[in-house]
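Student: Quick one: the structure is below, questions incoming.
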Amino acid sequence: DAGVTQSPTHLIKTRGQHVTLRCSPISGHKSVSWYQQVLGQGPQFIFQYYEKEERGRGNFPDRFSARQFPNYSSELNVNALLLGDSALYLCASSLGERQPQHFGDGTRLSIL
Amino acid sequence: AQKITQTQPGMFVQEKEAVTLDCTYDTSDPSYGLFWYKQPSSGEMIFLIYQGSYDQQNATEGRYSLNFQKARKSANLVISASQLGDSAMYFCAMSRFNQGGKLIFGQGTELSVKP
């Protein structure tokens, strides 16, 4: 069975640009979460969606937004990119809130 | 506020020996889950083991076991018979079930297995 897939794997942008990251959950998983991991730290929670509704939002500015589609795939959008947005962005899916989250390989975003 | 603390930034262990990675947590909620993840240098986050706050027995998954001491709020990961492939970052994480299951991660422990 396919795991969580994320695209693209790497991305280079400049300050002020916009980026869209994509995630396809494991088949049957209805919950998708996004995390940001900067170098040397643990992942930080950004968003969680369940059945296409936002269930949680971390302490990130409004430049960050996300949505979940009817097929449970998800997009993370970041506007007006800053140098500090350079990080590994991880997507995770799970069967439900009490089930383990399974992560994709991440998207490495570099801002120049 | 909930918090995960991993006090060991780096650990070394000899191949085939057992190693314990420490994790303490802070929450006032009675219902929560504790997770351990492994992150190799390639970056993917691999789920290892889960312990629910109401589980009576310590969780085990192959060579991994979780030493859950609820009164001390600790959830240490024990890896038995270490292998070279176990060298990686290890993260402890907690989920409060009344908050939809979002994960709060610790800072991680970098484990190096020596041949």
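Student: Let me spell out the model: positive unit charges on the Cβ of Lys and Arg, negative unit charges on the Cβ of Asp and Glu, origin at the Cα centre of chain B. What dipole size does that give, in debye rounded to 20?
Tutor: Numbers: 10 positive and 10 negative charges, 45 e Å.
It comes to approximately 220 debye.
Student: Which value, in square angstrom to the nearest 100, describes the accessible area buried between chains A and B on both sides, using a 1.4 angstrom probe? Present the calculation step by step, with values, prior to reporting the outcome.
Tutor: On the way: alone 6340 and 6230 Å², together 10900 Å².
Rounded to the nearest hundred, the buried surface is 1700 Å².
Student: How large is the charge dipole for chain A, taken about the Cα centre, if only the Cβ atoms of Lys, Arg (+1) and Asp, Glu (-1) carry charge, to the nearest 20 debye? Provide the component values of the computation, followed by the final result.
Tutor: Details: 11 positive and 9 negative charges, 40 e Å.
That gives chain A a dipole magnitude of about 200 debye.
Student: Between exposed GluC sites (Glu not before Pro) in chain B, where DSSP calls loop and at most 13 other Cβ atoms lie within 10 Å, what's the longest gap? It would help to have the intermediate numbers written out before the result.
Tutor: Numbers: sites that count: B:E15, B:E17.
Maximal segment without exposed cleavage sites: B:18-115.
Student: Determine Rg/Rh for the protein assembly as shown; Rg is computed over alpha-carbon atoms and Rh is the Kirkwood hydrodynamic estimate from the same atoms. Present the calculation step by step, with values, prior to reporting the outcome.
Tutor: Details: Rg = 17.5 Å, Rh = 18.0 Å.
Rounded to two decimals, Rg over Rh is 0.97.
Student: Of the chymotrypsin sites (Phe, Trp or Tyr not before Pro) in region B:38-87, which ones lie in a loop per DSSP and count no more than 14 other C-beta atoms within 10 Å?
Tutor: Listed in order of number, the matching sites are B:Y54.
Student: Let me know the whole percent of all Cα-Cα pairs from chain B that are separated by more than 22 Å. Each step should come with its number before you reach the end.
Tutor: Numbers: 1821 of 6555 pairs.
Here the long-distance tail beyond 22 Å is 28 percent of all Cα pairs in chain B.
Student: Work out, step by step, the length gained on full extension between B:R63 and B:Q2: first 0.36 nm times the residue separation, then minus their alpha carbon distance; give nm to one decimal. Display every interim value, and only then the final one.
Tutor: Working: separation 61, 0.36 × 61 = 21.96 nm, distance 2.87 nm.
Value of the extension gain: 19.1 nm.
Student: Which trypsin sites (Lys or Arg not before Pro) from region A:1-66 combine a DSSP loop assignment with at most 12 other Cβ atoms within 10 Å? Each step should come with its number before you reach the end.
Tutor: Working: sites: A:K13, A:R15, A:R22, A:K30, A:K52, A:R55, A:R57, A:R63; in loops: A:R15, A:K30, A:K52, A:R63.
Those satisfying the criteria are A:R15.
Student: Could I ask something else about it? Do any GluC sites (Glu not before Pro) in region A:42-102 lie in a loop, going by DSSP, with at most 16 other beta-carbon atoms within 10 Å of their beta carbon, and if so which?
Tutor: Numbers: sites: A:E51, A:E53, A:E54, A:E75, A:E97; in loops: A:E51, A:E97.
Loop-located and lightly packed - A:E51.
Student: Would you mind telling me the share, in percent, of accessible area of the protein assembly as shown contributed by carbon and sulfur at probe 1.4 angstrom? Spell out each step's value before the answer.
Tutor: On the way: 5210 of 10900 Å².
Answer for the protein assembly as shown is 48 percent, counting heavy atoms of protein chains only.
Student: Given springs between every Cα pair under 10 Å in a Gaussian network model of chain A, which of A:Q101, A:Q41, A:Q17 has the largest fluctuation?
Tutor: A:Q41
Student: Express the accessible area of the protein assembly as shown per residue in Å², computed with a 1.4 Å probe while the remaining protein chains stay in the model.
Tutor: Numbers: 10900 Å² over 227 residues.
Per residue, the protein assembly as shown has 48 Å² of solvent-accessible surface.
Student: Connecting C-alpha atoms closer than 10 Å in a GNM of chain A, tell me which of A:I46, A:I26, A:I12 has the biggest fluctuation.
Tutor: Maximum among the listed residues: A:I12.
Student: Name the residue, out of B:A93, B:A81, B:A71, whose mean-square fluctuation peaks in a Gaussian network model built on chain B with Cα pairs under 10 Å.
Tutor: Among B:A93, B:A81, B:A71, the largest GNM mean-square fluctuation belongs to B:A71.
Student: What residue among A:F45, A:G84, A:Q99 has its Cα farthest toward the positive end of the dipole of region A:12-102, where the charges are +1 on Lys, Arg and -1 on Asp, Glu, each on the Cβ?
Tutor: The residue sitting most towards the positive pole is A:G84.
Student: Could you list, bin by bin from short to long, the percent of Cα-Cα pairs of region B:48-115 in 5 Å steps?
Tutor: 3, 14, 23, 25, 19, 10, 4, 1, 0
Student: Follow-up. Among residues other than A:E97 whose Cβ falls under 14 Å from its Cβ, what is the net charge (Lys/Arg +1, Asp/Glu -1)?
Tutor: Numbers: positive: A:K30, A:R55, A:R98, B:R96, B:K102; negative: A:E51, A:E53, A:E54, B:D29.
Residues near A:E97 contribute +1 overall.
Student: Where the centroid of each part is defined by its Cα atoms, how far is region A:2-80 from region B:38-115 in Å?
Tutor: Answer, in whole Å: 23.
The values are calculated or read from the model by the stated rules, or taken from the named source; none is laboratory data. None of these values were measured; they are calculated from a predicted model. Positions of Cβ are backbone-derived with ideal geometry, glycine not excepted, and every protein chain shown enters the neighbour counts. These accessible areas exclude ligands, DNA and RNA; they are computed on the full protein's heavy atoms, side chains included. Shrake-Rupley method; radii C 1.70, N 1.55, O 1.52, S 1.80 Å.
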